[in-house]
Amino acid sequence: MDRLGLLTQLSAAGNPASGDIWELALQSTGAVLGVLLLLIFFSVVSWYIIGYKYIYLSRAKRRSERFLEFFWSSTRLDAIYKEAQKKRSPISQLFKAGYVELSKIKNAEEKSSGGAWLGDMQSIERALDRAQTTELTRLEAMLPFLATTGSAAPFIGLFGTVWGIMDAFRAINQAGAANLGAVSGPISEALIATAIGLMAAIPAVIAYNYFLRRLKVLTAAMDSFNNDFLNIIKRHFFN
């Protein structure tokens, strides 16, 4: 067959969607359509999480930095506590937990006329650790969905492609004839599932790694604050 004849056959053959990826997706049926709907759901939810977490982590970082500036410029813990109550941030929550535990210890000492001891310091450390675990859990919320999308979406798309190709060849077998028009359309519709799967997975993986990096920075800032706060308490209340 010469080149002109091949082009003519390609044009007349099945060209069901004129090469438009979205038209191919809309023409999908059966299991392939179900896979596409699932992948679209994963993609929409992933983009929502990406936008939400970007705003949330940016706000957490900004507010933590402002609180640290106030913390180091102030000389009174009660004033810092009032500032921590105004706007929520991971580090301000750590301070509140440590300050509340310290206040309980000081009140108990005044009632019992006893001195501070090592167990009191350890209770403050535990309060800070609990607060940090709570904040990290909150910061990491919804990120596992991005990891799941990044790892599972390509395989879900591949499943849709394999199923679509199986249906295409089954239809060809039943028709008893195989030509370019009979093969190209169904296989194109099947391959769209893999493409949509990659479109859902790639942004999710990139965003997940990006957010993990930002979480490491916030975690390091919380660890540093915990150590600094404990040192301040040791110097002023446990000498």
Can you name the condition, by its number, that Ala141 falls short on among (1) in a helix (DSSP H, G or I); (2) closer than 29 Å to Leu212 by Cα? (1)
Some residue of region 182-195 being outside any helix (DSSP H, G or I) and either modelled with pLDDT of 95 or more or not hydrophobic (A, V, I, L, M, F, W, C) (or both): no
Pick from region 79-104, criterion in a helix (DSSP H, G or I) and among the basic types (Lys, Arg), ranking: nearest to Glu65 (Cα to Cα): Lys86
Looking at (1) under 23 Å from the mean Cα position of the chain (by Cα); (2) surrounded by fewer than 18 Cβ atoms within 10 Å (Cβ to Cβ); (3) hydrophobic (A, V, I, L, M, F, W, C), which is the only condition Ala60 fails? (2)
Screening Arg88, Arg76 for residues that are within 25 Å of the chain's Cα centre (by Cα), at pLDDT below 95 and of a type in the set (D, E, K, R) leaves only Arg88
Which members of region 220-237 meet the condition of being touching a residue at least 60 places away in the same chain (Cβ under 8 Å) and either among the small types (Gly, Ala, Ser) or crowded, with 16+ Cβ neighbours inside 10 Å (or both)? Ala221, Met222, Phe225, Asn226, Phe229, Leu230, Ile233, Phe237
Output for region 64-78, where each listed residue is assigned to a helix (DSSP H, G or I) and either touching a Pro at 6+ places or on another chain (Cβ under 8 Å) or exposed (fewer than 12 other Cβ atoms within 10 Å of the Cβ) (or both): Ser64, Glu69, Trp72, Ser73, Asp78
Mind checking whether some residue in region 103-115 is modelled with pLDDT under 95 and buried (at least 18 other Cβ atoms within 10 Å of the Cβ)? yes
Name the residue that is modelled with the lowest pLDDT, counting only residues in region 1-60 that are assigned to a helix (DSSP H, G or I) and of a type in the set (D, E, K, R). Arg3
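The values are calculated or read from the model by the stated rules, or taken from the named source; none is laboratory data. Bear in mind that the values here come from a model prediction, so they are computed numbers and not experimental data. Reconstructed Cβ throughout: ideal geometry from the backbone, glycine too, with neighbour counts over all protein chains shown.
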